[in-house]
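Heads up, the thing below is written out as structure tokens.
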Amino acid sequence: MDIFYCFIFFLIGLLSSFYSIFFLFLALIPFSFLFFYKKEKKKSILFLMFLIIGFLSYFLFPKGEENITVLEGIVVEKKESYCIVSSLKGKYYLKGKDLPSLFSIVRFNGNSSLLSFSHSESSFDFKSYLNSKGVNYQFYYKDQENIFESRFSLSGIKDYFRKYLNSESKIVFSSFIFDSYSSIYSLKELEVVSFFSLSGFHISLLIESVFLFAKRKSREKYYNIIKSFILLTFLVFSSFSFSMRRIFLSFVINLINKKRKNRLSSLNRLSLVALLMLLFQPYSISSMSFYYSFPFLFYLSIFTKRKTGIKERIKQSVISILFFFPYTFIKGYISLFSLIFQFIFIPYSFFIFFSSVVLVIFPFFGYVYNHLVSFLLFLTETINKINVFISVKNFLFLSIAFYYFIFLSISIFSIYNYQKEKKIYSFLLTVPIIINFSFSFIKKDELIFVDVDQGDCTLLKYKNYNILFDTGGKTYQDLARESLIPFFRKEGIHKIDYVFISHLDYDHYGALVSLQTNFKVGQVFYKNDFLKEKDYIISVSDLNIRNLNIYNISEDTNDNSCVYYFKVKGRKILIQGDAPKAIEKKIIEDNDDLDCDIIKLGHHGSKTSSDKEYLKCVSPELAIISVGENNSYHLPSDEVITLLKELDIPYSRTDLQGTIRITL
């Protein structure tokens, strides 16, 4: 148990430096138990040393530097469009297609800055992903020099394996074999592939299968050689991913342990693996790969015994599904039938993985593989259409803690055969889930400026209505499926009742068609619909939405952009599309009383909108700028920001703050 306690104290120290100093108080529990109850004072002092090491490791680990002009290091990760270079100062992200191969030692000239990427609500957070690898800076290189050029490349191997695959099969195959991010919507929604790539359990099952084969053929002496080959292959193919490093390190420690006289227990071996991985890469503490694997493995080491048989396998599957159930709350919503789906998809996904392994050996198997993947996608697409999603975005940490307390109590009762207590606690396991789900039924009126990168999308939740002003749009991404629909599910929204499209610029309406195809959408209104109504007003219940831009000064889409004005719960709201200053001047000429409380500035903070006299006339208490981070248009304009400060108008930006909420 000594290594286990060393790991626990190290982990607490690391958590306290990463997140909050208050985590240090957790160390009082194991320290008091060992120091006062067990009377192991020397060991307690040793464990405190690991607490200090864990705390200091975050500060001692190289984090990179801003504004360096020369980068020298080794390429430790290489993807198709970027690489990560590790130097003495830290790790750096470099973007490009003609970057050096893995393990090359290189020198780059250029400059570095903090990571900055485009982002949108509920989509994959690439910046956090890189942060979990210890990468905080991007290096913009002008030229490079190869000190040592590695000839190692996976691109040719990948092309050889995938030459008989269609586009969707290539994505699934790469997710399993090369640990690539799966961009297929239906697979992400049901977490079919991510569970395996984060946990690495599919590799463990493959190893077990090889072991069974080796026993039947009486070739157990070759087992370690075969296992080493498999693990090294997947380690390299995955670009040394967290899960594969964990599995490989576990294998090495197990080999060494077998040669020891005093062998370590499975708990101590696992603790040693976790300790070493966090010691050499402390930032892994923020990676979901850590939390998808180690907590469950520790649970298995402490509470279960290794047994064989179909019954035990089914039991372990149920335990794993229940253990990971709260993990699904991270998305902010959960499938009502997720447990049932897991029983279907996890076994089939294992089958797809084994088929992927066959494909590595026999690439022509791709003809069959395409059909297997097509069936998987057919299933996931069908289930996504009939699935019921419940919002859990307001889940309470205490209720999750209570869930795991009950879960562990049931495990203890099982060990000691307390059947009555086990049944009672099994029933109590539903209580924290019900508590979390109950919050999804609490409705409140809100005005939400949704982060859609470089675009506009504003959601009004009023009474029982969900009203959307513009949808945003990206030419290279299905914004509706990747961002808007997951966000609506987090909000507990099952239908958008009304959509108002300000004008036909793609960054304002581009996601509409996909949204209508994949989500329930009611009426859609354009500028011409307002021109047909009295006073240019469209009413939703007692909400009167007026379009102030009734002019036709040109055929330009921005000149014809709607400017919405309405009053809700005593607050006056002004939502502009891309209407220019010429339209703004006409609006204040024809409207005497036009003050507002909240304004969404026109044209993403561009100097073509936000006329000074216009802003003085409407005199908003808060201005919102919907804009993409690090966008190519360099918005918002410095001129507009200076004007807002001059007029003493507070403002918020989606590029800096993400989605902005205002409770009405």
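Report, to the nearest whole %, how much of the accessible area of the chain belongs to carbon and sulfur atoms, 1.4 Å probe, protein only. Walk me through the numbers on the way to the answer.
On the way: 19430 of 32480 Å².
Taking all protein chains in place, the chain shows 60 percent carbon and sulfur surface.
So what is the relative contact order of region 515-592, in percent, for Cα pairs below 8 Å that sit 6 or more residues apart?
20
Please list the three semi-axes, largest first and in whole Å, of the ellipsoid equivalent to region 1-130, using sqrt of 5 times the eigenvalues of its alpha carbon gyration tensor.
Details: eigenvalues 319, 58, 34 Å².
Over the Cα atoms of region 1-130, the semi-axes work out to 40, 17, 13 Å.
Using each residue's phi in region 542-548, evaluate 6.51 cos²θ - 1.76 cosθ + 1.60 at θ = phi - 60° and report the 3J(HN,Hα) Karplus result to the nearest Hz, with x for Gly and Pro.
9, 9, 9, 9, 10, 9, 7
I want the antiparallel fraction of DSSP beta bridges within the chain, as a percent rounded to 5. Numbers along the way, then the final one.
Numbers: 53 of 72 bridges.
Bridges in the chain are about 75 percent antiparallel.
What is the Cα centroid distance between region 17-80 and region 596-664, reported in whole angstrom?
Region 17-80 and region 596-664 have Cα centres spaced 42 Å from each other.
Counting helices only, and only those DSSP H runs with n ≥ 4, report the 222 nm mean residue ellipticity of the chain as the sum of -39,500 (n - 2.57) divided by its residues, in deg cm²/dmol to the nearest 500. Before the final figure, lay out each step's value.
Values: 27 runs with 306 residues, N = 664.
Value at 222 nm, helices only: -14000 deg cm²/dmol.
Order these peptides, 320-331, 3-14, by their mean beta-carbon neighbour count within 10 angstrom, highest first. Don't skip to the end; give the middle numbers.
Working: 320-331: 16.4, 3-14: 23.2.
Packing proxy ranking, top to bottom: 3-14, 320-331.
For the peptides 589-597, 255-263, what is the packing order when you average, over each peptide's residues, the other Cβ atoms within 10 Å and list the highest mean first? If you can, show how the numbers build up before the last one.
Working: 589-597: 12.2, 255-263: 9.7.
In decreasing order of mean packing, 589-597, 255-263 become 589-597, 255-263.
With every protein chain left in place, what is the accessible area of VAL236 in Å² (1.4 Å probe, nearest 10)?
40
Using a 1.4 angstrom probe and counting only protein chains, how large is the accessible area of ASP159 in Å², to 10?
90
Alpha carbon centre of region 407-445 versus region 455-501: separation in Å?
34
Residue-wise, which Karplus ³J(HN,Hα) couplings in Hz belong to region 254-260, taking 6.51 cos²θ - 1.76 cosθ + 1.60, θ = phi - 60°, and x for glycine or proline?
Calculated HN-Hα couplings, in order: 5, 4, 5, 5, 5, 8, 7 Hz.
Run the dipole for region 475-625 about the Cα centre, Lys and Arg Cβ at +1, Asp and Glu Cβ at -1, nothing else charged, and hand back the magnitude in debye, nearest 20. The partial results should precede the final answer.
Details: 20 positive and 24 negative charges, 103 e Å.
Roughly 500 debye for region 475-625.
Distance cut-off 24 Å, Cα to Cα: go down the list LYS78/LYS133; LYS142/LYS170; LYS142/LYS474 and report the pairs above it. Don't skip to the answer; put the middle values down first.
Working: LYS78/LYS133 13 Å; LYS142/LYS170 33 Å; LYS142/LYS474 29 Å.
From LYS78/LYS133; LYS142/LYS170; LYS142/LYS474, over 24 Å: LYS142/LYS170; LYS142/LYS474.
Hey, could you get me the Stokes-Einstein D for region 496-557, Kirkwood radius over alpha-carbon pairs, 10 °C and 1.306 mPa s, rounded to whole µm² s⁻¹?
On the way: Rh = 13.0 Å.
Rounded to a whole number, D works out at 122 µm²/s.
What is region 422-480's relative contact order, in percent, from Cα pairs under 8 angstrom and six or more apart in sequence?
Numbers: 57 pairs, mean separation 12.4, N = 59.
21 percent.
Viscosity 1.002 mPa s, temperature 20 °C: Stokes-Einstein D of region 534-664 from its Kirkwood Cα radius, in µm² per second?
Values: Rh = 15.1 Å.
Stokes-Einstein gives a translational diffusion coefficient of 142 µm²/s.
Using amide H atoms built in the peptide plane, which far-off residues or other-chain residues are under 5 Å from THR659 H to H?
ASP451
Considering only protein heavy atoms, what per residue accessible area in square angstrom results for the chain with a 1.4 angstrom probe? Intermediate values should be presented prior to the final figure.
Numbers: 32480 Å² over 664 residues.
Here the residues of the chain average 49 Å² of exposed surface.
Looking at CYS83, SER289, PHE50, which one has the Cα that reaches farthest to the positive end of the dipole of the chain (charges on Cβ: Lys, Arg +1; Asp, Glu -1)?
It is PHE50, whose Cα lies furthest towards the positive end.
What is the spread of the Cα atoms of the chain along each of their three principal axes, largest first, in whole Å?
Result for the chain: principal-axis Cα extents of 91, 68, 59 Å.
How high is the relative contact order of region 586-664? Use alpha-carbon pairs under 8 Å, at least six apart in sequence, and give a whole percent.
Normalised by residue count, the contact order of region 586-664 is 30 percent.
Cross-link partners among lysines for LYS607, C-alpha distance below 21 Å, same-chain residues fewer than 8 apart left out?
LYS581, LYS585, LYS586, LYS616, LYS645
From the backbone phi of region 53-68, what are the Karplus-calculated ³J(HN,Hα) couplings (6.51 cos²θ - 1.76 cosθ + 1.60, θ = phi - 60°) in whole Hz, Gly and Pro given as x?
4, x, 5, 7, 4, 4, 7, 7, 5, x, 10, x, 9, 8, 6, 7
Which whole-number value in Å³ per residue fits the convex hull of the alpha carbons of region 525-595?
Values: hull volume 6.6 nm³, N = 71.
Normalising the Cα hull of region 525-595 by residue number yields 93 Å³.
How many nm is it between the label spots at SER266 and PHE22, if each spot is 7 Å from the Cα in line with the beta carbon?
In this crude label model, SER266 to PHE22 measures out at 3.6 nm.
Largest first, how would HIS371, HIS508 line up by accessible area (1.4 Å probe)? The partial results should precede the final answer.
Values: HIS371 140, HIS508 0 Å².
So the residues, ranked largest to smallest area, are HIS371, HIS508.
Given points 7 Å out from each Cα along the Cα-Cβ axis, report the ASN166 to LEU276 separation in nanometres with one decimal.
4.4
May I ask you to list the aspartates and glutamates whose Cα is less than 14 Å away from that of LYS42, ignoring any residue fewer than eight positions away on the same chain?
Reachable aspartates and glutamates: ASP2.
Among TYR418, LEU398, ILE448, pick out the residue whose Cα is farthest towards the positive end of the charge dipole of region 396-455, where Lys and Arg carry +1 and Asp and Glu carry -1 on C-beta, about the Cα centre.
Of the listed residues, the answer is TYR418.
Please list 656-664, 511-519 highest first by mean number of surrounding beta-carbon atoms within 10 Å per residue. Don't jump to the answer; show the numbers that get you there.
Details: 656-664: 14.3, 511-519: 18.7.
Result, highest mean first: 511-519, 656-664.
State to the nearest 20 debye the size of the charge dipole of the chain about its Cα centre, where the only charges are +1 on K and R beta carbons and -1 on D and E beta carbons. Provide the component values of the computation, followed by the final result.
Numbers: 76 positive and 59 negative charges, 1067 e Å.
Rounded to the nearest 20 debye, it is 5120 debye.
The values are calculated or read from the model by the stated rules, or taken from the named source; none is laboratory data. Fair warning: this is a prediction, and the values are worked out from it, not measured in the lab. Because the Cβ atoms are built from the backbone with ideal geometry, glycine has one as well, and the counts that use them run over all protein chains shown. The accessibility values were calculated without ligands, DNA or RNA, using every heavy atom of the protein model including side chains. Shrake-Rupley method; radii C 1.70, N 1.55, O 1.52, S 1.80 Å.
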